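Visitor: Below are the structure tokens for one structure; questions will follow.
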Amino acid sequence: MRGPAGEISGTGTLTARAVAAIDSAFSEILASFPAHARGLLPGVALGDESEMSPSLDEAMKTTSLAHLTAVSGGHVSILTGIVLAFLGRRYRVLTGLGCAAALAGLVTLVGTEPSVLRAALMGIMVIAAMLLGKNPHAFSGLAFAILFACALDPWLATSYGFLLSASATGAIVVFGRPLAARLSRILPAHLADLIVIPLVAQLAVTPILALFADRSSMWGVLANILVAPIVTPLTILGLLAAITAPVAPAVAKLCAQCASLCTWWLAGVAETVAEWPGSGIPIWAAAMCEIVMLIVVALPWRKFFPESPVARNTKKPRWQVVIGSGLAMCILAGLLLAVVRVALGKWPAAYLPSGKPYSAM
């Protein structure tokens with residue numbers, strides 16, 4: 001077909017110009033920062049991975065940390081939590097409108113990627129329940145988000161990003177709390193959550209990852225535990241730095257400097273764990289390790305520790321429980337290493353590039 005040549009012109013909509021100004025100002029502020037901050041700050045805050053180095057990107061994927069650079073439910077939870085902290089629940093309409101405005105601003109800023117769309121639709125359900133004075137149910141919100149999103153765009157059902165986001169969220173909602181309750185018989189509740197949530201999410205997405213990836217790490221859960229304390233402050237500081245960059249560069253730079261400490265830790269964990277034995281193994285071997293961990297987590301710990309001080313919600317567990325838990329984790333790590341070693345043979349290997357993603361002898 002032939003036709004007259006077209007020309008794209010114009011300045012764009014107001015929101016498009018505002019987002020472009022934020023991106024440009026944010027990039028200028030980060031220009032003098034270390035490489036890990038330039039790559040991870042836009043990634044974690046805005047889902048922009050364009051400045052991330054190939055080596056860091058590969059390390060994040062290998063250690064199951066790549067989800068941190070995708071805007072999803074974590075951002076929605078943080079923003080709605082901040083709004084609730086400031087406005088409270090007394091005035092439901094005002095709080096609901098505040099949450100809706102924060103959610104709309106987030107979607108405008110980061111775009112409508114599949115994971116963002118899923119999280120936004122779940123957020124809408126939570127806001128609607130808040131306005132009606134009902135207690136929102138996460139699984140109902142997830143079901144609504146999946147059905148409504150696929151009704152709007154049926155091709156989302158074939159999107160890896162949407163499938164990964166929905167699968168991980170579903171696993172956390174369905175299996176996270178009961179498994180964490182079992183593990184909390186021998187570990188503090190917060191530590192049990194830190195272990196269970198990445199474990200069930202990783203197991204849920206493994207069949208989907210196997211469609212386009214052939215390598216993973218047996219240390220993915222550990223890597224997520226190590227970076228968990230810095231994810232929320234990194235997200236908040238990154239969003240503040242991005243939003244204030246066009247209007248208050250000094251404030252944005254201060255926020256970015258504080259956030260760069262978090263990106264230093266995140267990059268260090270990803271690159272260090274990616275070099276450990278057991279990283280870069282076939283995805284089926286990593287899945288075997290995760291299944292072993294799941295079996296350990298799902299054990300009936302109530303029968304073994306009926307009088308566990310952790311189960312009684314004491315502030316400080318007895319030293320016997322702490323030492324026993326540490327020994328159990330060490331034994332589990334040794335068993336996982338043994339499984340991988342038996343499956344893969346000796347550790348020494350030579351990497352032979354052959355045009356394929358991985359080729360080793």
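The values are calculated or read from the model by the stated rules, or taken from the named source; none is laboratory data. Quantities reported herein were computed from a predicted structural model and do not represent experimental measurements. In this analysis, Cβ positions are derived from the backbone assuming ideal geometry, glycine residues included, and neighbour counts consider all displayed protein chains.
Residue-wise test of (1) among the polar types (S, T, N, Q); (2) under 21 Å from residue 67 (Cα atoms); (3) crowded, with 19+ Cβ neighbours inside 10 Å.
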residue	(1), (2), (3)
89	no, no, no
106	no, yes, yes
112	yes, yes, no
138	no, yes, no
145	no, yes, yes
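Visitor: Would it be correct to say that residue 196 is in contact (Cβ under 8 Å) with a residue 60 or more places away in the chain, within 15 Å of residue 290 (Cβ to Cβ) and under 17 Å from the mean Cα position of the chain (by Cα)?
Guide: Yes, satisfied.
Visitor: Now a separate question. Name the residue that is surrounded by the fewest Cβ atoms within 10 Å (Cβ to Cβ), counting only residues in region 42-59 that are touching an Asp or Glu at 6+ places or on another chain (Cβ under 9 Å) and closer than 16 Å to residue 268 by Cβ.
Guide: Looking at the filtered set, the residue picked out is 55.
Visitor: Applying the selection to region 113-137, what residues are part of a helix (DSSP H, G or I) and under 23 Å from residue 44 (Cβ atoms)?
Guide: Result: 114, 115, 116, 117, 118, 119, 120, 121, 122, 123, 126.
Visitor: If you don't mind, there's one more thing I want to ask. Is at least one residue of region 84-106 under 21 Å from residue 227 (Cα atoms), modelled with pLDDT of 85 or more and outside any loop (DSSP other than H, G, I, E, B)?
Guide: Within region 84-106, not a single residue is under 21 Å from residue 227 (Cα atoms), modelled with pLDDT of 85 or more and outside any loop (DSSP other than H, G, I, E, B).
Visitor: Give region 261-286 a look and list any residue that's buried (at least 22 other Cβ atoms within 10 Å of the Cβ) and under 30 Å from residue 29 (Cα atoms), or say none.
Guide: Those that are buried (at least 22 other Cβ atoms within 10 Å of the Cβ) and under 30 Å from residue 29 (Cα atoms): 262, 263, 266, 267, 269, 270, 273.
Visitor: May I ask you to verify whether residue 130 is without any contact (Cβ under 8 Å) to a residue 40 or more places away in the chain and in contact with a Pro (Cβ under 8 Å, 6 or more places away or on another chain)?
Guide: For residue 130, the condition - without any contact (Cβ under 8 Å) to a residue 40 or more places away in the chain and in contact with a Pro (Cβ under 8 Å, 6 or more places away or on another chain) - is not met.
Visitor: In a helix (DSSP H, G or I) and crowded, with 20+ Cβ neighbours inside 10 Å, is that true of residue 174?
Guide: Here the answer is no, as residue 174 does not meet what is asked.
Visitor: Please indicate, with yes or no, whether at least one residue in region 90-109 is within 23 Å of residue 172 (Cα to Cα), free of Cβ contacts under 8 Å to residues at least 60 places away in the same chain and of a type in the set (D, E, K, R).
Guide: No: zero hits.
Visitor: For region 67-84, give me each residue that is buried (at least 19 other Cβ atoms within 10 Å of the Cβ) and either among the hydrophobic types (A, V, I, L, M, F, W, C) or within 15 Å of the chain's Cα centre (by Cα) (or both).
Guide: Of everything in region 67-84, those that are buried (at least 19 other Cβ atoms within 10 Å of the Cβ) and either among the hydrophobic types (A, V, I, L, M, F, W, C) or within 15 Å of the chain's Cα centre (by Cα) (or both) turn out to be 67, 68, 69, 70, 71, 72, 73, 75, 76, 79, 83.
Visitor: So, residue 151, is that one within 20 Å of residue 80 (Cα to Cα) and either surrounded by fewer than 20 Cβ atoms within 10 Å (Cβ to Cβ) or under 20 Å from the mean Cα position of the chain (by Cα) (or both) or not?
Guide: no
Visitor: So which of 163, 187 ends up being assigned to a helix (DSSP H, G or I), touching a Pro at 6+ places or on another chain (Cβ under 9 Å) and not polar (S, T, N, Q)?
Guide: Of 163, 187, the one residue that is assigned to a helix (DSSP H, G or I), touching a Pro at 6+ places or on another chain (Cβ under 9 Å) and not polar (S, T, N, Q) is 163.
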